[in-house]
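Read-outs: derived from the displayed coordinates by stated rules, not from any lab. This one's a predicted model, so the numbers in the text were calculated from it and none came from an experiment. Heads up, the Cβs are rebuilt from the backbone with ideal geometry, glycines too, and the neighbour counts pull from every protein chain shown.
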Amino acid sequence: MIWYLFRPPQYGDEARPDPVYVFGAILIGMVSAFLAGMFGVGGAGISTPAIRLILGASPGIALGTTLPVTIPTSLTGAITYWRRGFLDKRVAYLSALAGIFGSVGGALLTKVLNLHYLMLATGVLVLYIAGQTIHRAATGNVPSGDTDGSGEASDEGPEPPAPLKPAWIILAIGLGAGFLSGLLGVGGGILLLPGFIYLLRLPIKKAFGTSLAVITVLAVPGTIVHAFLGHISWWLFLYLSIGVIPGAYLGARVSIMTRERVLFALFGAFIAVFGVIFIVNEIISMVG
């Protein structure tokens, strides 16, 4: 019934301006971008299944079209965090640089490796990280980037500079996240954020903003490849993009205004749901 209401016009995946279809695409873009902006992820993990199941897009179009949509989504969120002082430029630059090479390498190995067990292991790792994140929120062991306890960076002066982490650690995080993203086709944010939070000890809001900046860069080469393959519906991209910019901005603003401890709990729950869905989908594909 839902698919019937939001069914795409019968012109392949290049949808004409059917009002109900357009409204559905804008709404999907806004909701996925809100969550992306709030939790520092690209949003494709939410929008891809939504446009597949609700709008009836083909698998190739569903996967390909979300990549260019990730660019305005992540960029809007990153700018919003940056304006409030929640973005580490050095970490973003080095992670993005390594991530580009990692994503290319991962994509090249997709036809060589057996990905089923690797995807299951990744799902288990995500669940472990979710458990650690929720535990930190429950015990109050949360690194804070707030200097005045208000949920935003203090306007009274800059934060004291944190000790710089070795560049090789940042490069390794970006390379690993890019590699797994290209290999498994999962959002880079889910893989970048644990490294930023637990290895680099970035405050969670700064980790979100930095992750979005990196995702903006990593989405570009994938977009180019899928455009050449004809996997992008530019009409659908347009409709989704109408919703993603306000959605990503609002999501980032809500995150910035939320206490660090609450944000840790919400983020832990978010990636726990992602991990469960990731594992279940992989088991279904193996059994089927």
Can you list which of the trypsin sites (Lys or Arg not before Pro) found in the range 184-230 are DSSP loop residues with at most 15 other C-beta atoms within 10 Å? 201
What order, most packed first, do the peptides 29-36, 219-226, 239-246 have when packing is the mean number of other Cβ atoms within 10 Å of each residue? 29-36, 239-246, 219-226
To check my understanding: the extent here is largest minus smallest coordinate of the Cα atoms along each principal axis. What are those three numbers for the range 21-65, in Å, largest first? 28, 21, 13
Under the rule rounded for a/c under 1.5, else prolate if a/b exceeds b/c, else oblate, using alpha carbon gyration tensor axes a ≥ b ≥ c, the range 181-288 is classed as oblate
Quick check on packing: order 130-140, 165-175, 68-78 by the mean number of other C-beta atoms within 10 Å, highest mean leading. 68-78, 165-175, 130-140
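State whether the range 223-277 is rounded, prolate or oblate according to the following rule on the C-alpha gyration tensor (a ≥ b ≥ c being the square roots of its eigenvalues): a/c under 1.5 gives rounded; otherwise a/b larger than b/c gives prolate, and the remaining case gives oblate.
Working: a/c = 3.62, a/b = 1.80, b/c = 2.01.
In terms of gyration-tensor shape, oblate.
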Assuming 0.36 nm per residue, please report the length gained on full extension of the stretch residue 132 to residue 280 beyond their Cα-Cα distance. 51.2 nm
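Assign one of three labels to the range 42-90, namely rounded, prolate or oblate, based on the Cα gyration tensor with a ≥ b ≥ c the square roots of its eigenvalues; rounded applies when a/c is under 1.5, prolate when it is not and a/b is larger than b/c, and oblate otherwise.
Working: a/c = 4.04, a/b = 3.11, b/c = 1.30.
It comes out prolate by the Cα gyration axes.
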Two-site label geometry, residue 287 and residue 53: point separation in nm, points 7 Å out along Cα→Cβ: 1.7
On a C-alpha basis, how far is the centre of the range 54-111 from the centre of the range 165-217 in Å? Whole number, if you could? 11
What dipole magnitude, in Debye to the nearest 20, does the range 176-288 give about its Cα centre under +1 on Lys/Arg Cβ and -1 on Asp/Glu Cβ? 460
Residues of the range 259-288 with amide nitrogen under 20 Å from the 7 Å Cα-to-Cβ point of residue 139? 260-272
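Please list, by residue number, every one of the trypsin sites (Lys or Arg not before Pro) in the range 63-121 that is coil in DSSP and has at most 12 other beta-carbon atoms within 10 Å. Working shown, then result.
On the way: sites: 83, 84, 89, 90, 111; in loops: 84, 111.
Answer in residue order: 111.
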